[in-house]
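Written out below as structure tokens is the structure these notes cover.
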Amino acid sequence: MRRFSWFNATSLTLGFAFLYLPMIILVIYSFNESRLVTVWAGFSTKWYGELLQNDAFLDAAWVTIKVGFWSSTIATVLGTMAAYVMVRGGRFFGRTVFSGMVYAPLVMPEVITGLSLLLFFIAIDLDRGVLTIVLAHTTFSMCYVSVVVSSRLVSFDKSLEEAALDLGCTPFDAFRSVTLPIIAPSVIAGWLLAFTLSLDDLVIASFASGPSSTTLPIKIFSAVRLGVTPEINALSTIMIGLVTVGVITASLVMKRNIARARLDEQRAAG
Amino acid sequence: MRRAFLILVPYIWLLVLFLAPFLIVLRISLSDPALAIPPYVPQLDAAEGVWPGIVNLVSQFDLENYAFLTGDDLYWKAYLSSLQIAVVSTFLTLLVGFPIAYGMARAPVEWRATLMMLVILPFWTSFLIRVYAWIGILGTEGYLNQLLLSVGVIDAPLAILNTNIAVYIGIVYTYLPFMVLPIYAALEKMDDSLLEAAEDLGCTRTSAFWLVTVPLSKTGIIAGCFLVFIPALGEFVIPSLLGGSDTLMIGKVLWEEFFSNRDWPVASTVAVILLLILIIPIILFQRNEQKQREMDG
């Protein structure tokens, strides 16, 4: 019997209060009338209006979304390939180096990744801009994608693929019609993770960006170095809202799919 | 043919964009700063031909930057204070995270999915914003000081922002999910009959906790500690937003050497040494994961 004690209840309450209060305060004060962010002066949505008129932020948001979309899409393709090679690829020359390179970026401090990429871009004389940020983000997020996808690949039954091959599928067909549908949820999860990591990244983007390609985190960082501003509070609220809606939707969809799969199984069994 | 393609595309990508950049950092750390573009010597002289050029280049490499770094107090202090901040904040994260994971593992089964989501949700929210949220809370006129002053606990505002305490709070806050999830995973698998057995054999609830629950969640605790310690050591955003001018962390030093002092060779050397320090915890972490897999499988 598990006993859910008062101690457990208190630690959960305090723990979640600690996790959520700072963000809740941020959201509340984004509706503050006053420019003095720590003094409440009545409800207002004016900072949202000012934010929408701030072209610098809008441009940076657009660059960030572009970078996020391209880097996570390329990273998903490369990361899925890497996962497939590591789980199903068997032995090949340089396998140890390969798996080392797939896992290393996960533990590499961002400042080192950023510095090394910047020095590399300078060495090959590539102008820094959106392209270099996409290359940088793709490289570290493909490793996260491959971890997510390979954990799914490890757990699923290889004989399904073999059956498809026995029934006359080409390896590509077998991948497309058997493997891909099974690993699809993890591929999507990998894409979402890569996209979020890209939207979130400040350090690597600061090294890899040029003057014409400021991303939103770079913009936010240079603004908040000077302290708290109501515009940044409004921007944060929008971002927190989007993430919350996204995560809740994703988990509801996943729950429904699991329930449906269970129902199918029951029907098949009955 | 297809297999070769599958292997080669990600392989070459990582060789070019992960390994090659790192080798460049290593190479620049062995060079000397110079007033030139790019700002370091020696450079590969193509006129000498490829092979003699490389030989000549390598013969000019030296460990001068490494000698400089180990001889200079500032860098020693920066590495030591990064280690100290990372160790202290990892320990604090464990203190805050364990009771949460423990509570989650003991909560009714139907709550657990929701509790998991509540722990993961902040992780999807922007790191920068989560750090930023604390600036408003911890400042001299921040919400925390306002609250404490109005309650009457303190007479004068506390100076927390721009100190190491703020850095600890920032690290605990942002890395908490990394601590909670592995510990929760370990606790959740635990067989409750072991606790009952311990109590039947005369253990009090407290000693059963220390003798059964804690040892069985050891792999989760170790994994959580490394997941917090490794990124905390090279952290840049938290010390530069919440820390003070006297908060020395190596990530910040590297950033300043590169962007403010434009000393590429020293910045590269700082990076190489940071990596050398990180190799030990990374290997230990891998070993712990290996052990975990063997126990599961």
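The values are calculated or read from the model by the stated rules, or taken from the named source; none is laboratory data. Values in this document were obtained by computation on a predicted structure and should not be read as measured data. Every residue, glycine as well, gets a Cβ built from its backbone with ideal geometry; the counts of neighbours run over all protein chains shown. Side chains are part of the model used for accessible areas, which takes the heavy atoms of the whole protein and leaves out ligands, DNA and RNA. Shrake-Rupley method; radii C 1.70, N 1.55, O 1.52, S 1.80 Å.
A compact table of results
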read-out	value
Search result, residues across the range B:224-238 that are open to solvent by 40 Å² or more (accessible area, probe 1.4 Å) and among the hydrophobic types (A, V, I, L, M, F, W, C)	B:Leu227
Listing of helices (runs of 4 or more DSSP H) fully contained in the range A:35-123 that carry 1 or more residues being facing chain B (nearest Cβ under 8 Å)	A:55-88, A:95-107, A:110-123
Residue tally, condition among the hydrophobic types (A, V, I, L, M, F, W, C), open to solvent by 50 Å² or more (accessible area, probe 1.4 Å) and within 30 Å of the chain's Cα centre (by Cα), over the range B:135-159	3
Sole residue being closer than 30 Å to B:Thr213 by Cα, part of a helix (DSSP H, G or I), of a type in the set (A, V, I, L, M) and modelled with pLDDT of 90 or more, chosen from B:Ala101, B:Ala133	B:Ala101
Meets criteria (modelled with pLDDT under 85 and of a type in the set (Ser, Thr, Tyr)) for A:Ser222	no
Residues being of a type in the set (D, E, K, R) and without any contact (Cβ under 8 Å) to a residue 40 or more places away in the chain - total across the range B:113-163	2
Subset tally (residues that are among the aliphatic types (A, V, I, L, M) and farther than 28 Å from B:Ile230 by Cβ) for the range B:30-84	13
Boolean, A:Gly79 is more than 30 Å from B:Gln146 (Cβ to Cβ), in contact with a helix residue (DSSP H, G or I) (Cβ under 9 Å, 6 or more places away or on another chain), loosely packed, with under 13 Cβ neighbours inside 10 Å and not aliphatic (A, V, I, L, M)	no
Qualifying residue in the range A:58-75 (condition: more than 30 Å from A:Ala184 (Cα to Cα) and in contact (Cβ under 8 Å) with a residue 60 or more places away in the chain)	yes
Residue that is modelled with the highest pLDDT [pool: residues in the range B:235-283 that are touching a strand residue (DSSP E or B) at 6+ places or on another chain (Cβ under 9 Å) and assigned to a helix (DSSP H, G or I)]	B:Ser268
The range A:223-270, residues that are of a type in the set (D, E, K, R) and either under 24 Å from A:Asn54 (Cβ atoms) or touching a strand residue (DSSP E or B) at 6+ places or on another chain (Cβ under 6 Å) (or both)	A:Arg225, A:Glu231
Any hit, the range B:264-283, residues being of a type in the set (Phe, Trp, Tyr) and at the interface with chain A (Cβ under 10 Å from one of its Cβ atoms)	yes
Of all residues in the range A:124-139 being assigned to a helix (DSSP H, G or I) and open to solvent by 20 Å² or more (accessible area, probe 1.4 Å), the one that is nearest to the other protein chains (Cβ to nearest Cβ)	A:Leu135
Members of the range B:142-166 that are hydrophobic (A, V, I, L, M, F, W, C) and in a helix (DSSP H, G or I)	B:Leu144, B:Leu147, B:Leu148, B:Leu149, B:Val151, B:Ile165, B:Ala166
Count of residues meeting criterion [within 22 Å of B:Leu227 (Cα to Cα), open to solvent by less than 60 Å² (accessible area, probe 1.4 Å) and within 12 Å of another protein chain (Cβ to nearest Cβ)] in the range B:184-210	3
Whichever residue in the range A:6-28 is open to solvent by less than 40 Å² (accessible area, probe 1.4 Å) and over 26 Å from the mean Cα position of the chain (by Cα) and, among such residues, is farthest from the other protein chains (Cβ to nearest Cβ)	A:Ala9
Of residues in the range B:225-263 being in contact (Cβ under 8 Å) with a residue 40 or more places away in the chain and polar (S, T, N, Q), the one nearest to the other protein chains (Cβ to nearest Cβ)	B:Ser245
Test: residue in the range B:212-223 that is in a loop (DSSP other than H, G, I, E, B) and open to solvent by 10 Å² or more (accessible area, probe 1.4 Å)	no
Filter result (open to solvent by less than 60 Å² (accessible area, probe 1.4 Å) and either within 18 Å of A:Val85 (Cβ to Cβ) or at pLDDT 85 or above (or both)) within the range A:147-167	A:Val147, A:Val148, A:Val149, A:Ser150, A:Leu153, A:Phe156, A:Glu161, A:Ala163, A:Ala164
Any hit, the range A:229-242, residues being without any contact (Cβ under 8 Å) to a residue 12 or more places away in the chain, open to solvent by 80 Å² or more (accessible area, probe 1.4 Å) and over 23 Å from B:Gly244 (Cα atoms)	yes
Any hit, the range B:34-47, residues being open to solvent by 40 Å² or more (accessible area, probe 1.4 Å) and closer than 30 Å to A:Pro171 by Cα	no
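So that you can scan it fast, the table gives a plain yes or no per residue for (1) touching a residue at least 40 places away in the same chain (Cβ under 8 Å); (2) within 14 Å of another protein chain (Cβ to nearest Cβ); (3) farther than 30 Å from A:Leu135 by Cα:
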{"residue": "A:Cys169", "(1), (2), (3)": "no, yes, yes"}
{"residue": "A:Ile183", "(1), (2), (3)": "yes, no, no"}
{"residue": "A:Arg260", "(1), (2), (3)": "no, no, yes"}
{"residue": "A:Gln266", "(1), (2), (3)": "no, no, yes"}
